[in-house]
1. Would you be able to tell me the number of residues in the stretch 276-294 that are open to solvent by 60 Å² or more (accessible area, probe 1.4 Å) and hydrophobic (A, V, I, L, M, F, W, C)?
2. Whether any residue in the stretch 6-14 is modelled with pLDDT of 95 or more, surrounded by 12 or more Cβ atoms within 10 Å (Cβ to Cβ), assigned to a loop (DSSP other than H, G, I, E, B) and under 22 Å from the mean Cα position of the chain (by Cα) is what I want to check.
3. Against the condition farther than 23 Å from Gly236 by Cβ, among the small types (Gly, Ala, Ser) and open to solvent by less than 20 Å² (accessible area, probe 1.4 Å), how does Ser200 come out, does it pass?
4. For the stretch 88-118, how many residues meet the condition of being among the polar types (S, T, N, Q) and part of a loop (DSSP other than H, G, I, E, B)?
5. Show the residue pairs meeting these rules: Cβ distance below 7 Å; 6+ apart or different chains; first residue within the stretch 92-116 and touching a residue at least 24 places away in the same chain (Cβ under 8 Å) and under 24 Å from Ala178 (Cβ atoms); second residue buried (at least 17 other Cβ atoms within 10 Å of the Cβ) and of a type in the set (Asp, Glu).
6. Could you tell me whether Asp73 is of a type in the set (D, E, K, R), touching a strand residue (DSSP E or B) at 6+ places or on another chain (Cβ under 8 Å), under 23 Å from Pro11 (Cα atoms) and surrounded by 17 or more Cβ atoms within 10 Å (Cβ to Cβ)?
7. Being under 26 Å from Pro280 (Cα atoms), surrounded by 16 or more Cβ atoms within 10 Å (Cβ to Cβ), modelled with pLDDT of 95 or more and not hydrophobic (A, V, I, L, M, F, W, C), is that true of even one residue in the stretch 166-176?
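The values are calculated or read from the model by the stated rules, or taken from the named source; none is laboratory data. As the structure is a prediction and not an experimental result, all values here were calculated from the model. Positions of Cβ are backbone-derived with ideal geometry, glycine not excepted, and every protein chain shown enters the neighbour counts. Please note that ligands, DNA and RNA were not included when accessible areas were found on the heavy atoms of the full protein model with its side chains. Shrake-Rupley method; radii C 1.70, N 1.55, O 1.52, S 1.80 Å.
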Amino acid sequence: MPSKLQGVLRPQVSRFRLGDFEITNILDGVAQRPGPHPGFGANVSAEEVHALCIANNLPPKMLEHGFVPTLLDTGKELVLFDAGNGEFRRKDGVGKLHSLLPAAGYRPEDIDVVVITHGHPDHIAGLVEDGKPAFPNARYVFGRAEYDYWVKGENIRERRLANQKQFVEICVPLAPRATFAEPGTEILPGVTAVEAYGHSAGHMAYHIESAGQRLLLMADVTNHYVVSLQVPDWHGDFDDDKDRAVATRKRILDMVATDHLWAIGFHMPFPAIGFVERTPRSYRWVPATYQLNF
């Protein structure tokens with residue numbers, strides 16, 4: 001007798017320690033669609049992308065893409081990195097951050113700081129809920145280059161024109177409560193901005209350190225744990241400056257692997273925490289197990 005096919009049941013909240021900090025990753029949702037080619041590996045053949053998927057026991061013509069905002073509790077402030085898809089795509093089964101906060105033990109009004117790594121829709125749309133700021137007591141941090149790029153609206157590629165309009169509508173009203181980070185800025189004790197331009201004009205990663213433990217919140221430096229991270233030379237359609245995104249991927253992945261940093265990636269498989277290991281040809285993603293539970 002066949003199963004009743006009740007569907008995939010997956011965890012949505014994961015918490016772990018980093019020194020004296022506590023970090024909670026929340027699954028804003030998962031999108032499933034045809035792919036990964038040409039969205040990933042557009043500068044190589046479909047057959048090459050399919051072969052890499054098969055070698056990693058992935059379906060060659062279907063893609064699952066998760067979205068994982070991160071909450072950092074420093075003991076003094078509760079910091080949210082990226083706000084997810086929000087109402088913008090809730091009908092598509094994503095945009096769950098707001099409703100999952102209680103399961104993580106928090107309320108929207110508990111969040112003190114919202115850090116936006118970059119201005120793409122899956123990172124900014126959740127800043128608004130029911131037409132009002134979703135996190136009413138928060139101050140905001142934007143990368144200066146990123147904020148200026150979207151507000152000025154110059155040299156926006158065609159597929160990002162609606163994105164630019166959305167950024168101005170959502171983020172500009174928050175500017176009076178915002179600070180603007182440059183690479184190297186310590187935005188709060190233990191959290192420093194790292195230049196990661198390419199995926200977007202002013203995309204930022206963030207280095208987090210507490211009690212000798214270190215982590216790099218990579219955001220969208222690499223957008224898939226196989227067809228982006230294992231092959232940093234492959235172009236991603238989501239990358240606004242593809243050549244610079246490739247250079248950034250190589251630099252950041254080398255740093256994470258060389259310095260043995262823990263890493264969080266916004267689109268890594270949930271719970272999206274692991275490390276990057278060198279291979280003879282490139283890199284691979286190694287998920288965390290219980291190392292950060294103590």
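1. Summing the residues that are open to solvent by 60 Å² or more (accessible area, probe 1.4 Å) and hydrophobic (A, V, I, L, M, F, W, C) in the stretch 276-294 gives 1.
2. Looking for residues that are modelled with pLDDT of 95 or more, surrounded by 12 or more Cβ atoms within 10 Å (Cβ to Cβ), assigned to a loop (DSSP other than H, G, I, E, B) and under 22 Å from the mean Cα position of the chain (by Cα), one finds at least one in the stretch 6-14, hence yes.
3. When the stated conditions are applied, Ser200 does not pass them.
4. The qualifying residues number 1.
5. Partner pairs satisfying both residue conditions: Gly95/Asp28; Leu97/Asp28; His98/Glu129; Ile116/Asp82.
6. Numbers: of a type in the set (D, E, K, R): yes; touching a strand residue (DSSP E or B) at 6+ places or on another chain (Cβ under 8 Å): yes; under 23 Å from Pro11 (Cα atoms): yes; surrounded by 17 or more Cβ atoms within 10 Å (Cβ to Cβ): yes.
Spelling it out, Asp73 is indeed of a type in the set (D, E, K, R), touching a strand residue (DSSP E or B) at 6+ places or on another chain (Cβ under 8 Å), under 23 Å from Pro11 (Cα atoms) and surrounded by 17 or more Cβ atoms within 10 Å (Cβ to Cβ).
7. Residues of the stretch 166-176 under 26 Å from Pro280 (Cα atoms): none.
For the stretch 166-176, residues under 26 Å from Pro280 (Cα atoms), surrounded by 16 or more Cβ atoms within 10 Å (Cβ to Cβ), modelled with pLDDT of 95 or more and not hydrophobic (A, V, I, L, M, F, W, C): absent.
Residue-wise test of (1) over 22 Å from Cys53 (Cα atoms); (2) without any contact (Cβ under 8 Å) to a residue 60 or more places away in the chain; (3) buried (at least 23 other Cβ atoms within 10 Å of the Cβ).
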| site | (1), (2), (3) |
| --- | --- |
| Leu216 | yes, yes, yes |
| Val221 | no, yes, yes |
| Asp243 | yes, yes, no |
| Met255 | yes, yes, no |
| Asp259 | yes, yes, no |
| Ala263 | yes, yes, yes |
| Phe270 | no, no, no |
| Gly274 | no, yes, no |
